[in-house]
Each structure stands twice: as C-alpha cells, then as structure tokens.
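The structure appears right after this line, and notes come after that.
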Amino acid sequence: PDADTMVRYLEDFASLLKLQVQYNTAIVHVTLDRDQQAWNGHYFILTDQNRQNYKCSSLLVATGTWVPNVVNFPGSEYVEGYETVSINPEDFAGQTVLILGRGNSAFETAENILGVTNFIHMVSRSRVRLSWATHYVGDLRAINNGLLDTYQLKSLDGLLEGDLEDLAIVKDKKGKLHITLRFYLENRNTSASIDSITLPQDELDNFATRAPYDRVIRCLGWKFDFSIYNRSLRMTPGKGNKNKYPQIKPSYESRGTRGLFVLGTASHSVDFRKSAGGFIHGFRYTTRAVHRLLENRHHGVPWPSTVYPITQLTNSIIKRVNEASGLYQMFSVLADIILLRENATAFEYLEEYPVGVLAELETQTGRKAPHGLFVIILEYGRNFSGADKDVFYYNRAVGEAQHAWQSNFLHPVIYYYKRLPTEREMRLRPPDWPLPRPDAIHHIVEDFLTDWTAPNAHILPLRRFLENCLGTDLRNFFAESCFLFAFTRQKLPPFCQQGYVRMQGLVGTKRLQRHAVDAGLLEDYTTADFSGDRLLGSHEGSQHQLLRDHAMPIRPLQHLVNAKDE
C-alpha cells in the first residue's frame, strides 16, 4: 500500500479504539529525575516544543531512524539529499547523475529516473549486497536492481567503490559538478576557479568519474536521533555497523536506563542483518513481545500460555511451525517455548518469546521451567547466507529427512534442554548460534512448499526425536490396542493413560474398524475359526461389544492390571 494508506489506517485504528494520542507534539528533550518512589528509582521528564513537561516511569521510544546520514567533504553543499530530491523523472531528462550510496534508497532513486537520464553512476564504500543472497530484506531487493542490468549489459550506467570522505566536488561556470579527490584541494577551496584546481584526469586521463555531472544525490540511509536525550539516560550508539541504532538488550530495554524500551525500526540492533526486526513485518511481533514482558513486570500478568496433555506435543509443534507468522518473519529471534510438566505428562506452550533472554524466562514471563523445555525456532542453513554466496548452486535443496541438519532454506529447528540455560551459557554460545548448545537438537527437513506436514519426512522423525528426549511413546492407539497393553505391559503409553483408561477416545464403528484393519493397525479376527465355547457367542460379537461398550467401568480393569503385576 501507499504510505498515505498506512497513515489513514493508523488514524482509523486510533479512532476505533479511542486511543489517547496527543498529535502535533515534538519531544525536544528527555532527561531523568531521580526519585526513590519510582519503581526503577527515577522518572522520565519529557519536554515538547512548547516547553510543556511530561512525566512517566516507563518510556517506550518508537521514533524510528529518521536523521539522514551525511558525509561532509569539500563541495558537499552541492549534494541533494534523498529526503528532498524531486521524484518527478522529467526533472532529470537528459542529465548525468551521480548517486552516493548503495542501498535500497539509492537503487530506488536510480530506478525512478533510469529511463530518462543520460547515464547514472553510483559510488559507495562497499560492494552491493543482494537480498536473495544474504536473506536480509534490508539489502538490495530485486524490485530495485534495474541499474545492475544496465551496468552489466553495456547501457553506460555503472557502479564504483570508494571512500566518500576522500571525495571532493568542484562546480564550474556552467553549473557542472566535477569529481576530484580531497588531497587535491588541501591548500585550496571549492570556490576557486576550476581551471586552477588539479583534477584526477590531469594525471590519469582515464579516471573513472572524469565526465562532469549535472546532479549529485545523497542516498546514505538514516540513523537514530540521539540529540534529544540527556546524558543521564546513557542512550549510547551501538558498536560498529550498529552505530545508527541505540544499544539495547535482547528484551528491547535500554542497556543504560531501566524502564526505557526502544521499539520498531530503532530496535533493529537486536537482529541487525540477521532477521526482520527493522521492518514492519518483523517489529509488529517484537513489539507485542515487549507488551507481554511489561504486562508481567508491572501488572503481574504471566506470559500467555496453554497447557496440553503430552499426547498433543507433536501436533502442537507441527501446527505452529506451519501457521505461526511471528516465528516465520522473526526467524532466529522469536521462538516458541514448551515447558514440560513433572514426569512429562503435560506441557505448557508459550508463543513467540525473544530467545535472547531465554535465561531470564522465569522472571520475564512468570512461568516456571523446572522439568526441562523445548525451544522451537526457524533458521536458515549455517553457510547459506552471505554477500558472496551462490544461493542458486546445483543441489542446493535437501529433501531427505536423514539429511535435515544440512537444510539450507528456512526450516524449523527444535532445541531440547534438560534445564533452563544460564546467562553465562547464553554469552558463550557458538558464533552465529541463536541459542547455547542443547542436550539434543532436531532439524525438520526444509520443504519447497514451506508445508511441514508430510507424515514420513516431517512428522515421523519429529515424533521419534521427542520420544527419545522424553523416554516415552507418543503414538496414538485404538481402544483395542490399549486394552491389550493393559494386560501385557507394565506401563501404558500416555495416549492410553490419558484417554482409554479415563474412558475417553473415539467410539468404534464398523467403518473405522475396517479402515484400521486395511491400514494394518489392527488384526482382522473376523475370519478366524474358533473352536469350543465363544465369549458372547462369537469373537466378532466380542469385538463389536468392546467397541460399543466404550463406557466400561474402570475399576475391574485396574484390578486386572494390578493382578497381572502381582
């Protein structure tokens, strides 16, 4: 949808829910007021453009990254910014354009004017990264990469790599912009005559950018606005290529100040270049996770969960990995957590919890994990993503269940821990692993249709993995099989314990019985020849009697089982 549609949607949303929103307000300063009465020992004081103050004990910052990245070099005053440049292609008709930058905004600008310009050059410090190779939507998307075709298919457009801080721009009398290098201007200024300035082509006559440009456009992305925050908040930039975002914990809380949370695009330092937390299809799920964390912290509302009998473990996992949008969009960041109950008779299911704070699960969610847990997460193959990777190589897909651990495309991974990992184990986890080394791990083989419901390739290996972890039988049985197990086994499978013994389960019919026989799940006794007295007149009659009498008293059955044990 158009950006205006998004604005209209938000207006309708706020109106429908009668949200208390104060519009036309710009917060220009944020500071701390120390106060021991506050739950975190301080209040946040916000000041707007009219010098009105606002006071709160919890602050959620969702202002995005809107400050343009600007590189200052001699002649940078001649550069137009992406945020102000014309979007009308006719304004660029017949012009020669230089674009500074190599991301989606740069290529989006080039794509818009590609058909009318003389030619377009693009300069950046790093080579282009294609999103289909890195599996990161912040890299160049195919919808914007038309300039790559015109570059490689001899249409005069081109891409160059170089440090932008080493550049300089000189304007001649005709208004044309010439690219030179900073060191040529060390003892001069850009207002000097073009004839008195040494240009690179004076020494190297085939210098790549020797042709003058009509326009230079800056498309270098955006960064978080740190200027409005007082030093007392300790809102510091991230390290390295994350310096455009504030430093925050995996719980999205500021590392410097308790009670300050960063949401939306500005929270992308948690999963920068790994997942989709910097984009709306990702941060809508991380924002919901923060809401649940705060509900538990401030209102004592535990993380939403559902308790199921252990017999539903396989079905619950299969259903979630096929339907959960949060796991799919925020792969390697959000995970479903399965908390096992004592003796593995039941489990508690928590959805879309941030795996970076797994060690703090009990305090962050209000749920206990004394008997072990499973973590369900979606991942790409370890060596499948990268700017230099060939993601279209032959035999790139894995189809055999026994080779599931070599899956390259996005697929579910189940981690099993006998106890909750510690914070130290989280810090020392292997590089590029979202979680510490587990007691057991299972990969569900990748699927071309992203449909993990195949009985043999997906469900059967998963069920056997779960059975090995729990030391139990997770199969489903007909009532006749449970009846037989009651006399031949010391311990009934969970399905029989929680179903048949409690007089629960499917009511038998002739059609169901015939289906079970045809599938090899039950013996066919109807054609057997019995001699002597027959119980209830015939064996077939006894079969039907058992199916009809599904409400048989439980006491005699327990008596028989106990007698057998004795």
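The values are calculated or read from the model by the stated rules, or taken from the named source; none is laboratory data. Keep in mind the model is a prediction, meaning the values are calculated, not measured. Here the Cβ is made from the backbone with ideal geometry for all residues, glycine too, and neighbour counts use every protein chain on show. Keep in mind that these areas ignore ligands, DNA and RNA; they rest on the heavy atoms of the full protein, side chains included. Shrake-Rupley method; radii C 1.70, N 1.55, O 1.52, S 1.80 Å.
Carbon-plus-sulfur fraction of the accessible area of the range 302-470, 1.4 Å probe, in percent? Please list the in-between numbers first.
Working: 3900 of 8120 Å².
Taking all protein chains in place, the range 302-470 shows 48 percent carbon and sulfur surface.
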Expressed as a fraction of 2.2 N^0.38 Å, the rule-of-thumb size for a compact globular protein of N residues, what is the C-alpha radius of gyration of the range 302-470?
1.02
For the range 206-271, compute Rg over Rh where Rg is the Cα radius of gyration and Rh is the Kirkwood radius from the inverse mean 1/r over Cα pairs.
1.25
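With all protein chains present, how much of the accessible area of the range 13-54 (probe radius 1.4 Å) comes from carbon and sulfur, to the nearest whole percent? Walk me through the numbers on the way to the answer.
Details: 1580 of 3250 Å².
Here it works out to 49 percent.
Where does the chain land at 222 nm, in deg cm²/dmol rounded to the nearest 500, when only DSSP H runs of n ≥ 4 count, each adding -39500 (n - 2.57), divided by all residues?
Numbers: 15 runs with 137 residues, N = 566.
Helix contribution divided over all residues of the chain: -7000 deg cm²/dmol.
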Cysteines of the chain without any disulfide-compatible partner (other Cys Cβ under 4.7 Å) are Cys56, Cys219, Cys469
Of all the C-alpha pairs in the range 76-218, what % are more than 27 Å from each other?
22
Calculate, axis by axis, the spread of Cα positions in the range 1-158 along the three principal axes, and write the results as whole Å, longest axis first.
69, 43, 34
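Using 0.36 nm times the number of residues separating Trp433 and Asn69, minus their current alpha carbon distance, what extension gain do you get?
Computed gain between Trp433 and Asn69 is 127.9 nm.
Give me the percent relative contact order of the range 42-134, please, defined on Cα pairs under 8 angstrom at least 6 residues apart. Don't jump to the answer; show the numbers that get you there.
Numbers: 77 pairs, mean separation 18.9, N = 93.
Result for the range 42-134 is 20 percent.
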With viscosity set to 1.002 mPa s and temperature to 20 °C, compute the Stokes-Einstein D of the range 38-115, Rh being the Kirkwood radius across alpha carbon pairs; µm²/s, no decimals.
127
Under a 1.4 Å probe, what is the accessible area of the chain per residue, stated in Å²?
56
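Using just the alpha carbons, could you tell me how many Å³ per residue the convex hull of the range 277-333 encloses?
Dividing the Cα hull volume of the range 277-333 by its residue count gives 93 Å³.
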What lysines does Lys239 reach when the alpha-carbon gap must be under 18 Å and sequence neighbours fewer than 8 apart in one chain are set aside?
Lys223, Lys249, Lys274
Please report Rg over Rh for the chain, where both radii come from the alpha carbon positions and Rh follows the Kirkwood definition.
1.12
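From the P(r) of the range 234-292, can you give the percent of Cα pairs sitting at distances over 12 Å?
61
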